[in-house]
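Working notes, beginning with the structure itself.
The values are calculated or read from the model by the stated rules, or taken from the named source; none is laboratory data. These numbers were taken from a predicted model, which means no experiment stands behind them. So basically every Cβ, Gly included, is an ideal-geometry build from the backbone, and we count neighbours across all protein chains shown. Note: accessible area is taken over every heavy atom of the protein model, side chains too, but ligands, DNA and RNA are not part of it. Shrake-Rupley method; radii C 1.70, N 1.55, O 1.52, S 1.80 Å.
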Amino acid sequence: MREKDFVAGEYSGPFLDGKVTYRSPSNIALVKYWGKKEHQVPANPSVSFTLDTSATTTTLSYTKLAAPGKDFSFELLFEGKPKPDFKPKIHTFFSRIAPYMPFLKSYHFVIETSNSFPHSSGIASSASGMSALALCLMHLEKELQPGMDEIYFKTKASFLARLGSGSAARSITGPLMQWGQHQDTEGSSDLYAITYPHKIHEVFEGYQDTILLVDKGQKQVSSTVGHNLMHGHPFAEQRFKQAHDNLSELRRVFAEGDLPKFIEIVESEALTLHAMMMSSLPYFMLMKPNTLHIINKIWEFRAATKLHVCFTLDAGANVHVLYPASEKELILQFIKDELIVYCENGQYLCDQIGKGAVAL
Ligand code: PMV
């Protein structure tokens, strides 16, 4: 689908008041998106595991206005309380999606949102939050265009979520999602994510992600700033090419269940992401000493046991520990015995690969 396919046609359904709730998960990238062009177009394709328990639940109540307003009309409640500091982000999101959703100024919205993970845990809620809101808005648009099919619904939800936060495009379905045009994947697009269409070996079923909360503080450098520092970055072109190559290689890895190669690509991607940050100008570092302690412990444990545990990182100090469900017992025990000590207040979250967002 092209951009013009997302501009809404005539609305035939009645403009009714209503309410809808979606629960949308977070996701963790295996091949990372880092660097973007205008309009949230990624500089390279990425692929992610959709998570299961780390999720945002959003209820959107909508009331038709007597006449369309000059500006967007909405209230925002986070965990039951008004949250004025989130409003500018939602306002920006509405402005970006308004060309594709002309009904937005015809309603007053109440957006009630909450996360399954603890507040200020250092877990970014932008992917789960923006995808949940995009899906709620699609529900309303489907009422206005009753003939809309399921594929268009999900594709446009991903397209809209991307305009809120790039990685949010990948939180609509699961268990794997690919976002960004790539030569080996027909139907892949820079504008939205698609459900990974190639074979996935059964070893990835129920794949575990234990998220170690190393540092719950506010990031010193936002991902928006980080993405922008890839413009003029001395290693940018090589990095973007590497992401394409890793996606090509992962196709075989996913099909065959080649875990040693999976581990190599995933860890290399995580360290490359942080290497890009450390070699930007200005340079910065989001890993903390405990991030490195954890990585070294994982490497030692893997060498000693030959179990298939590995790590990945997002744009922060927290560590995602990935492992197959069949090795869960031994690896979770290792995490509890040796890694939790590096977490802030001993906090960690147990998650696993999930199927995507659901309407409640
Ligand atoms: O969606 P953003 O703009 O917050 O960027 C996310 C970037 C990474 O989490 C570091 C990588 C990714 O692909 O999710």
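Whether any residue in the range 127-146 is within 16 Å of the ligand (Cβ to nearest atom), surrounded by fewer than 24 Cβ atoms within 10 Å (Cβ to Cβ) and of a type outside the set (K, R) is what I want to check. Show your work before the answer.
Within the range 127-146, the subset within 16 Å of the ligand (Cβ to nearest atom) is 127-134.
Remaining after also requiring surrounded by fewer than 24 Cβ atoms within 10 Å (Cβ to Cβ): none.
Checked against the condition, which is being within 16 Å of the ligand (Cβ to nearest atom), surrounded by fewer than 24 Cβ atoms within 10 Å (Cβ to Cβ) and of a type outside the set (K, R), the range 127-146 yields no hits at all.
What single numbered condition from (1) open to solvent by 60 Å² or more (accessible area, probe 1.4 Å); (2) of a type outside the set (F, W, Y); (3) in a helix (DSSP H, G or I); (4) over 17 Å from E75 (Cβ atoms) fails to hold for P88?
Every condition holds for P88 apart from (4).
One residue is enough: does the range 123-134 have a residue meeting the conditions outside any helix (DSSP H, G or I) and more than 30 Å from G346 (Cβ to Cβ)?
Within the range 123-134 (the criterion being outside any helix (DSSP H, G or I) and more than 30 Å from G346 (Cβ to Cβ)), the answer is no, since none of the residues qualifies.
Starting from residues that are under 30 Å from S54 (Cβ atoms) and of a type in the set (V, I, T), keep the ones in the range 1-24 and report whichever is surrounded by the fewest Cβ atoms within 10 Å (Cβ to Cβ).
Our first condition is that a residue be under 30 Å from S54 (Cβ atoms); within the range 1-24, this holds for 1, 6, 18-24.
Remaining after also requiring of a type in the set (V, I, T): 20-21.
Values: V20: 19, T21: 17.
Among them, the one singled out is T21.
Could you go through the range 246-260 and let me know if any residue there is of a type outside the set (A, V, I, L, M), within 13 Å of K36 (Cα to Cα), within 16 Å of the ligand (Cβ to nearest atom) and open to solvent by less than 80 Å² (accessible area, probe 1.4 Å).
From the range 246-260, those of a type outside the set (A, V, I, L, M) are 246, 248-249, 251-252, 254, 256-258, 260; that's our starting set.
After this cut, where a residue has to be within 13 Å of K36 (Cα to Cα) as well, the list is none.
No, the conditions are met nowhere in the range 246-260.
Mind counting the residues in the range 298-333 that are buried (at least 21 other Cβ atoms within 10 Å of the Cβ) and either aromatic (F, W, Y) or part of a helix (DSSP H, G or I) (or both)?
4
Hey, among the residues in the range 74-85 that are open to solvent by less than 60 Å² (accessible area, probe 1.4 Å) and over 16 Å from K19 (Cα atoms), which one's nearest to the chain's Cα centre (by Cα)?
Step by step, filter the range 74-85, then rank; the result is F78.
Listed here are the residues, each with its yes/no results for (1) under 22 Å from K355 (Cβ atoms); (2) more than 16 Å from the ligand (Cβ to nearest atom).
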| residue | (1), (2) |
| --- | --- |
| F6 | no, yes |
| F15 | no, yes |
| N27 | yes, no |
| K32 | no, no |
| V41 | no, no |
| S46 | yes, no |
| A66 | no, yes |
| G69 | no, yes |
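Among the candidates L60, L51, single out the residue that is modelled with pLDDT of 95 or more, within 16 Å of the ligand (Cβ to nearest atom) and surrounded by 13 or more Cβ atoms within 10 Å (Cβ to Cβ).
On the way: L60 fails: within 16 Å of the ligand (Cβ to nearest atom).
Of L60, L51, the one residue that is modelled with pLDDT of 95 or more, within 16 Å of the ligand (Cβ to nearest atom) and surrounded by 13 or more Cβ atoms within 10 Å (Cβ to Cβ) is L51.
How many of the residues in the range 162-204 are within 11 Å of the ligand (Cβ to nearest atom), in a loop (DSSP other than H, G, I, E, B) and either open to solvent by 10 Å² or more (accessible area, probe 1.4 Å) or touching a Leu at 6+ places or on another chain (Cβ under 6 Å) (or both)?
The qualifying residues number 1.
Suppose we filter the range 276-289 for residues that are in contact (Cβ under 8 Å) with a residue 40 or more places away in the chain and open to solvent by less than 50 Å² (accessible area, probe 1.4 Å); how many remain? Walk me through how you get there before you give the answer.
Going residue by residue through the range 276-289, those that are in contact (Cβ under 8 Å) with a residue 40 or more places away in the chain are 276-277, 279-282, 284, 286, 288.
Those left that are additionally open to solvent by less than 50 Å² (accessible area, probe 1.4 Å): 276-277, 279-280, 284, 286.
Counting residues in the range 276-289 that are in contact (Cβ under 8 Å) with a residue 40 or more places away in the chain and open to solvent by less than 50 Å² (accessible area, probe 1.4 Å) gives 6.
Across the range 205-233, what is the total count of residues that are under 19 Å from the mean Cα position of the chain (by Cα) and either open to solvent by less than 70 Å² (accessible area, probe 1.4 Å) or within 12 Å of the ligand (Cβ to nearest atom) (or both)? Steps first, answer last, please.
Going residue by residue through the range 205-233, those that are under 19 Å from the mean Cα position of the chain (by Cα) are 206-213, 216, 218-219, 221-228.
Filter again for either open to solvent by less than 70 Å² (accessible area, probe 1.4 Å) or within 12 Å of the ligand (Cβ to nearest atom) (or both), leaving 206-213, 216, 219, 221-228.
So the count comes out to 18.
Output the number of residues of the range 16-40 satisfying the condition of being free of Cβ contacts under 8 Å to residues at least 40 places away in the same chain and closer than 24 Å to F153 by Cβ.
So the first thing to find is which residues in the range 16-40 are free of Cβ contacts under 8 Å to residues at least 40 places away in the same chain, and the list is 37-38.
If we keep only those that are closer than 24 Å to F153 by Cβ too, we end up with none.
Residues meeting the conditions: 0.
State all residues of the range 35-71 that are under 21 Å from A193 (Cβ atoms) and in a loop (DSSP other than H, G, I, E, B); if no residue qualifies, say none.
G35, A43, N44, P45
Go through the range 334-360 and give me each residue that's over 18 Å from T305 (Cβ atoms), aromatic (F, W, Y) and in a helix (DSSP H, G or I).
Scanning the range 334-360 gives a single hit, Y342.
Find all pairs meeting these conditions: Cβ atoms under 7 angstrom apart; at least six residues apart or on different chains; first residue within the range 153-165 and within 14 Å of D5 (Cβ to Cβ); second residue of a type in the set (V, I, T).
Qualifying pairs under 7 Å: K154/I172; K154/T173; A157/I172; S158/I172; L160/I97.
Here is a check on your reading of the model: is T312 within 22 Å of D215 (Cα to Cα), within 16 Å of the ligand (Cβ to nearest atom) and either more than 18 Å from the chain's Cα centre (by Cα) or basic (K, R) (or both)?
no
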